[in-house]
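Working notes, beginning with the structure itself.
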Amino acid sequence: MPRVGHEVMRTAYNGRIFVGGCELVGANIPRTDRRRPSRANYRVMPVSLRFRCQYCDALPDPLTQVNLVTAMRETTFGAYQDALPGRWLIFHGRGLLGPPRYACPDHRGDLVAFLREHYGAVGNQVWRRPPYPSSLAHSDVDRAWRAATTRQTGGL
């Protein structure tokens, strides 16, 4: 049975946190502890990402994992992307086109068919034909990522 949006949300309540189609490991923090810590006891917690196929829960090989993490930083909307060398397919949905979705090489066609069936009337991005680009980077990606992830203290 494919793991789609409502099933992913259901597992988020079991102490597992998902962003798009990937699980944040190491971020299983109870809600009471999510307040901003004081400067005296501020510690860094390592977090790793586990990407899984939407259909079979397969894990990517280490080199493909690196490319999937890099692809997560792409600031794009409604675009397909190949994650090489494992030939995983990423769909950067966001907005009306749903969350980002990931498919292993065996289920690339299933992902494309799912997206065309569910979002084909919403946008023409899902009808794009292969070959898909392996990088969607542009000059502002790193600057935008730093601005979005830098803590804003506001002079405190």
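Each value in this text was obtained by applying a stated rule to the coordinates, not by laboratory testing. Because the structure is predicted, anything quoted here is derived from the model rather than measured. Here the Cβ is made from the backbone with ideal geometry for all residues, glycine too, and neighbour counts use every protein chain on show.
Observations on the model:
- Extension gain, S134-L84: 0.36 nm per intervening residue step, less the Cα-Cα distance, totals 17.3 nm.
- Across all Cα pairs in segment 75-123, the calculated P(r) in 5 Å bins from zero up to the longest distance comes to 5, 23, 32, 24, 12, 4, 0 percent per bin.
- Net +/- balance of residues flanking Q125 in space, Cβ distance below 15 Å, scoring K and R +1, D and E -1: +3
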